[in-house]
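Worksheet: the structure to be examined is printed underneath.
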Amino acid sequence: MDRTLIIIKPDAVQRGLIGRIIERFERRGLLIAAMKLMQIDESLAERHYAIHRGKPFYEPLIRYITSSPVVVLVLEGNNAIEIARSTMGATNPSEAAPGTIRADFALEIGRNLVHGSDSPETAALEVPLFFDDEEIVSYQRNTDPWIFE
């Protein structure tokens, strides 16, 4: 089972889209292993987005992600990263496939509603930024045999 970090960003929280976004991941069959509502502080935001330090959008990104509460999740499943990213859609909503979260609910790249880890290596770095090991619960659902071969 793969794990991925998902952040339901401030724009989605403010627009009341938390449930609709989580539902998309659950309908695909991904398991919620951890979830919390939180306010990201500047220090955590800087660690999370360290790869973008020095880019023109870095400072606005830090201000944005710390501007309102977010919901963070750890999702598990076979190919969880790939499945989550295809469910979210392209980073730029105007390029996202119809039926994806970003195509259905977003208009601009700077307000694209959701973040997801882009690789197993990134997920391994991101998950511990937001969750301690004891906060992540792996379990079997009765429906798993109907979802996974």
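Each value in this text was obtained by applying a stated rule to the coordinates, not by laboratory testing. Here the structure is a predicted model, which is why all the values come from computation and not from measurement. Backbone-built Cβ (ideal geometry, glycine too); neighbour counts: all protein chains shown.
Placing unit charges on the Cβ atoms only, positive for Lys and Arg and negative for Asp and Glu, gives the chain a dipole magnitude near 540 debye about its Cα centre.
In this structure, the amide hydrogen of VAL114, modeled 1.01 Å from its nitrogen in the peptide plane, lies closer than 5 angstrom to those of LYS9, counting only residues at least 5 positions away or on a different chain.
Per residue, the chain reaches -10500 deg cm²/dmol at 222 nm when only DSSP H runs of four or more residues are counted, each adding -39500 (n - 2.57). Extension gain for TYR64 to LEU44 (0.36 nm times residue separation, less C-alpha to C-alpha distance): 5.9 nm. Rounded to whole Å, give me the distance from the Cα center of segment 130-149 to that of segment 36-105. Measuring centre to centre over Cα atoms gives 22 Å. With a ≥ b ≥ c the root eigenvalues of the C-alpha gyration tensor of segment 1-143, is it rounded (a/c under 1.5), prolate (a/b larger than b/c) or oblate? It comes out oblate by the Cα gyration axes. With R₀ set to 22 Å, the beta-carbon distance separating PHE57 from ALA97 gives a calculated FRET efficiency near 0.40. Cβ-to-Cβ counts within 10 Å put GLU134, GLU26 in ascending order as GLU134, GLU26, the fewest first. Computed from Cα positions, the angle between helix 120-130 and the longest principal axis of the chain comes to roughly 70 degrees.
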